1. Right, A:L142: touching a Phe, Trp or Tyr at 6+ places or on another chain (Cβ under 6 Å), open to solvent by 40 Å² or more (accessible area, probe 1.4 Å), within 27 Å of A:L207 (Cα to Cα) and in contact (Cβ under 8 Å) with a residue 60 or more places away in the chain or not?
2. Return only the number of the condition from (1) at pLDDT 90 or above; (2) on the phi < 0 side of the Ramachandran plot; (3) open to solvent by 20 Å² or more (accessible area, probe 1.4 Å) that A:G310 does not satisfy.
3. So, restricting to helices (runs of 4 or more DSSP H) that lie completely within the stretch B:190-251, which ones have at least 1 residues that are touching a residue at least 12 places away in the same chain (Cβ under 8 Å) and among the charged types (D, E, K, R)?
4. Whether any residue in the stretch B:231-240 is basic (K, R) and surrounded by 18 or more Cβ atoms within 10 Å (Cβ to Cβ) is what I want to check.
5. Tell me which residues, restricted to the stretch B:52-95, are open to solvent by 50 Å² or more (accessible area, probe 1.4 Å) and not in a helix (DSSP H, G or I).
6. Among the residues of the stretch B:144-170, count how many are touching a residue at least 60 places away in the same chain (Cβ under 8 Å) and either among the aliphatic types (A, V, I, L, M) or outside any helix (DSSP H, G or I) (or both).
7. Any chance the stretch A:219-235 includes a residue that's of a type in the set (S, T, Y), in contact with a Lys or Arg (Cβ under 9 Å, 6 or more places away or on another chain) and either open to solvent by less than 10 Å² (accessible area, probe 1.4 Å) or more than 28 Å from B:Y10 (Cα to Cα) (or both)?
8. How many residues are in contact with a Gly (Cβ under 9 Å, 6 or more places away or on another chain), surrounded by fewer than 17 Cβ atoms within 10 Å (Cβ to Cβ) and at pLDDT 95 or above if we restrict to the stretch B:117-158?
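The values are calculated or read from the model by the stated rules, or taken from the named source; none is laboratory data. This one's a predicted model, so the numbers in the text were calculated from it and none came from an experiment. In this analysis, Cβ positions are derived from the backbone assuming ideal geometry, glycine residues included, and neighbour counts consider all displayed protein chains. These area figures cover heavy atoms from the full protein model, side chains too; ligands, DNA and RNA do not enter into them. Shrake-Rupley method; radii C 1.70, N 1.55, O 1.52, S 1.80 Å.
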Amino acid sequence: MDLKSYKTSADIYDELLTTQKRARPGMGQLVNFLKRSSLRELNERRRNAELAITTLGISFTVYSEGDNIDREWPFDIIPRVIRQREWERIQQGLTQRLTALNLFINDVYNDGKIIKDKKVPTDLLRSSRNFRKECIGMQPVLGVWAHICGTDLIRDADGTVYVLEDNLRVPSGVSYMLENRNISKRVLPELFEEYHILPMDDYPTQLFDTLSSISPRPKDFPEVVVLTPGIYNSAYFEHSFLAQRMGAELVEGQDLVVGDDDCVYMKTVEGLSRVDVIYRRIDDLFLDPEVFNKDSVLGVPGLMRAWKKGNVALANAPGAGVADDKVVYTYVPEMIRYYLGEDPILPNVPSYMCSDKTQLDHVLKNIENLVVKPANESGGYGMYIGPRESKRRTAEMKRLLKANPRNYIAQPIISLSTVPTLCDNNIEPRHVDLRPFILQGDRSFVTAGGLTRVALVRGSLVVNSSQGGGSKDTWIVADTPGGDS
Amino acid sequence: MLARVGERMYWFGRYVERAENMARLISVNTNLVLDLPKVKHIWGSMIDITGSPSEFNQRYQRVDERNVIKFLLEDDNASLSAAVRRARENARTTREIIPAEAFERVNELHLYVKKNVDKALRREGRHRFLADVMNLCHQLTGLLAGNMSGDTAYNFIKIGRNLERADMTTRILDVGCLHLMQPDTVVAEYENILWMNVLRSLTAYQMYRQHVHDRVNGEDVVDFLLRDMKFPRAVGHCLGEVYECCAQLPRQDATVRAISHAQRVIAGCDVAALLNSAKLHEFIDDVQLDLAEIHRSVRDTWFGAQVVVEQEQTQA
C-alpha cells in the first residue's frame with residue numbers, strides 16, 4: 001500500500017507518521033508491513049479476522065433491536081502500537097490514580113478528612129448521584145472499594161496523554177481486549193516475529209488473584225462468582241467469558257440466597273454452597289431489593305446486609321461509583337496530591353465546572369467550542385459537541401445548563417489522536433481512545449495495553465461500539481536494542 | 001453445578017425430545033388419515049395426546065386437519081415451534097456448558113422451523129418439513145452424545161430426554177386404548193392398522209417385528225412399548241436410563257425411590273387382563289402420574305425452588 005495519500009495535519013496527532021510523513025519511533029516495522037502489503041492481501045486478512053470473530057462467537061449486544069440482538073464485534077486488523085517506555089509511565093500514572101481514588105472513596109464514607117480539610121467542596125458528594133449513604137462507615141477488606149477500574153485515555157495534538165474519565169462502577173470491554181489479541185495472532189502472525197509485543201492474556205488470572213485477595217475467609221480456594229444481570233445485558237458475552245476464564249460460576253441473582261447467618265449461598269445441584277467473593281456486573285441500585293430498588297429482580301435480597309457484616313466481598317464495592325462522577329473527576333489531581341503527596345503523573349483534561357458561576361458563564365459564552373457532558377452518564381450518551389450541533393440543540397443545551405449546572409462539566413475539544421485504519425479501499429487515519437484496565441487488591445496491576453476504540457467514520461470522534469465505533473488490538477512493544485525503535 | 005444450569009439442561013433435553021416427538025406424531029397421523037379416511041376422531045386424538053384440548057378449544061371452533069396441524073405446529077405454548085424455541089432458549093443461557101456446535105445446531109433448527117413451518121400446513125410440504133426437523137433433532141442428540149462428557153450436565157439432559165420420551169410413549173398408547181374402547185369408531189378390521197400406526201409413530205415397527213414374532217396385536221404391542229428394556233422408546237428402557245443418570249447425582253434417594261416404584265408397577269402389570277377388562281386406560285393414567293412424580297422429585301431435589309413459570313405450564 002502506498003502511504004502517500006495518508007493525510008496528516010498539524011492540529012491532530014497521528015500515531016503512525018509525523019506531519020513530515022516520517023515513521024514515528026517504534027512504527028518502522030508497521031509502516032514497512034503496510035507498504036509491502038497490497039490492498040488485496042489486507043482485505044484477505046480482514047476476511048480471516050471476520051471469520052475468526054464468527055467462529056469464536058465474539059459478539060456484543062445492542063439494546064432494543066428485537067430478535068437480532070447479538071452483533072458481531074467490529075474489529076480493524078491494523079494494530080495500534082505504543083512503545084513500552086511510554087507505557088511504563090502511563091502504567092505508573094494509572095496505578096497512582098486508582099490508589100488515590102480508593103483512598104478518597106474510603107475517606108468519604110468514613111472520616112471525611114478531605115472535606116474537613118476543604119480540599120473538595122462539601123456539597124460535591126451530597127449532589128453526586130452515585131454517593132450511597134448506605135455505605136457510610138463501611139471498611140472493606142484492604143480498604144479498597146474499586147478493585148477493577150477502566151480508565152479512558154486520549155492523546156491530544158501535541159501527543160500528551162490525558163485521562164478522560166475513570167470507570168469505577170462496572171467497566172466493560174476487557175474480554176474484547178483479549179479477543180482482539182487472539183484475532184491478530186491469527187491474522188498477523190509475522191508481525192509478532194518482528195515486534196516484541198508484551199503479552200496480555202494473564203488478565204483473567206490477575207483478576208482472579210485480585211478477587212481472591214479480598215475474600216472474607218482467607219483460604220486456598222475461595223468461592224468466586226461472577227454476578228450477571230442475564231443474557232439480555234449488553235455485556236453478557238464478557239460476563240460469560242470472564243467466568244469461564246477464571247473457572248468461576250456465572251450466576252444470576254436468582255441463584256444466590258442470603259441465609260439466616262447473613263452469609264451468601266449459591267443454589268447448586270449439591271445443595272447450598274457458600275460464596276466468598278462476588279464480582280458483580282450489575283449496578284448498585286439493583287444489587288439488593290431490600291436496600292435499593294425495591295422492584296429489582298436482578299439482585300439478591302439481603303446482599304448488602306451480608307456485605308456490611310463482612311461475610312462476602314463485593315467487587316467493586318457498592319458506592320465506589322462516587323468517584324466515577326465527572327465533577328468528582330476534576331478533583332482527582334488534588335486527591336493525588338492530598339493523599340499521596342505526589343504530583344499526578346497523568347494529567348486530567350482541563351474541565352470547567354458548571355456549578356461554579358464564573359465557569360458556567362465562560363461555558364455558556366464559548367459553548368460552540370466546547371464539549372459538554374452529563375456528569376453521570378456513560379457510553380457517550382447525552383454528550384454535546386459544540387462545533388457539530390445545530391442551533392436548536394445549542395439553545396436546548398444552554399437551557400439545561402442553566403437549569404441544572406451541577407449535572408454537567410465542559411471541556412475544550414481534544415482532537416483525539418489518529419491511527420491507520422483499513423477503510424473501504426485505502427488506509428486512512430481514524431480517531432482513537434484507549435481503555436486500559438487497572439486492578440487493585442493486595443497488589444496493583446495494569447493491563448499491558450488496553451482496549452483501543454476507533455471511530456470508523458471519517459472525522460468522527462465517537463468511539464463507542466453502541467454508536468458505530470470499532471476496536472483495535474493494542475500492542476505495547478519492547479524497545480529492541482539496536483533497532484530503530 | 002448451579003441448580004439453575006442443571007434445570008436448563010434438563011429442559012433442553014426435554015424440549016429437543018418433545019420437538020422430535022411432535023414431528024413424528026404429526027407425520028404418522030398424516031399417513032394414517034390416508035389409510036383410514038372414514039375414521040373421524042384421528043385429529044382430535046392428537047390434541048388429546050398433547051394434553052391440551054382446553055387450549056385448543058379456546059382458539060379453534062372446529063377439530064379438523066387444518067386447525068389441529070396449525071395448533072400443533074404454531075401454537076405459542078403447546079406446539080413444535082414452541083418446543084424448539086424453548087430448547088434454543090435453554091441452550092442459549094447455558095452456552096458455556098454445552099458444546100459450541102450444539103448451540104449452533106439448535107439455533108439452526110430454530111431458524112429452519114421459523115422459516116419453513118407454514119409450508120407444513122398443507123399436506124404436500126409436510127413430509128419434507130417434518131423429516132428435516134427430525135433429522136436436525138437427531139443430529140443434535142448425536143452431537144451431544146459424541147462431544148459431551150458424561151458429567152452432571154449431560155446426565156440432566158438425558159434425564160429430561162428419557163422422561164419426555166416415556167411420557168410420549170404412554171400418551172400414544174393411551175390414544176390407542178381410547179379408540180379401542182369406542183367400538184363404533186374403529187371397526188375390528190382396522191385394529192391391526194391402528195396398532196401398526198402406534199408402533200410407527202414411535203419408530204418401533206421394525207424393532208417390534210424383529211423382537212416379537214407373533215403378528216401385530218394389541219397385547220404384544222402394549223407389552224413391547226411398556227416393558228421392553230432394549231427398545232429406546234419403550235417406557236421400561238427410558239426409566240432404566242433415568243435411573244442410571246439419577247444414581248450418579250448427589251442426594252438421589254427420593255428420586256431413585258420414585259423411579260423404582262414406577263418400574264415395579266410396570267413390571268408387575270398383567271397386560272392381557274388390563275386389555276380384556278378395558279382397564280388399560282386407567283393403568284396408563286397411573287403410569288403418567290408416576291412419571292409426573294419422578295419429574296417433581298427431580299425438580300425438588302436438584303433445582304431447588306426455581307420454578308420457571310412458562311416451562312412448568314407445559315409439563316402435563
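1. No, not satisfied.
2. The failed condition is (2).
3. Of the helices (runs of 4 or more DSSP H) lying wholly inside the stretch B:190-251, those with at least 1 residues that are touching a residue at least 12 places away in the same chain (Cβ under 8 Å) and among the charged types (D, E, K, R) span B:191-201, B:218-227, B:235-247.
4. If we filter the stretch B:231-240 for residues that are basic (K, R), which is where we start, we get B:233.
Still in the running and surrounded by 18 or more Cβ atoms within 10 Å (Cβ to Cβ): B:233.
Yes, there is a match, as at least one residue in the stretch B:231-240 is basic (K, R) and surrounded by 18 or more Cβ atoms within 10 Å (Cβ to Cβ).
5. B:Q61, B:R62, B:V63, B:D76, B:R95
6. 6
7. First pass over the stretch A:219-235, keeping only residues of a type in the set (S, T, Y): A:228, A:232, A:234.
Add one more test, that the residue is in contact with a Lys or Arg (Cβ under 9 Å, 6 or more places away or on another chain), and what stays is A:228.
Retained after the next criterion (residues that are either open to solvent by less than 10 Å² (accessible area, probe 1.4 Å) or more than 28 Å from B:Y10 (Cα to Cα) (or both)): A:228.
Within the stretch A:219-235, one or more residues are of a type in the set (S, T, Y), in contact with a Lys or Arg (Cβ under 9 Å, 6 or more places away or on another chain) and either open to solvent by less than 10 Å² (accessible area, probe 1.4 Å) or more than 28 Å from B:Y10 (Cα to Cα) (or both).
8. 0
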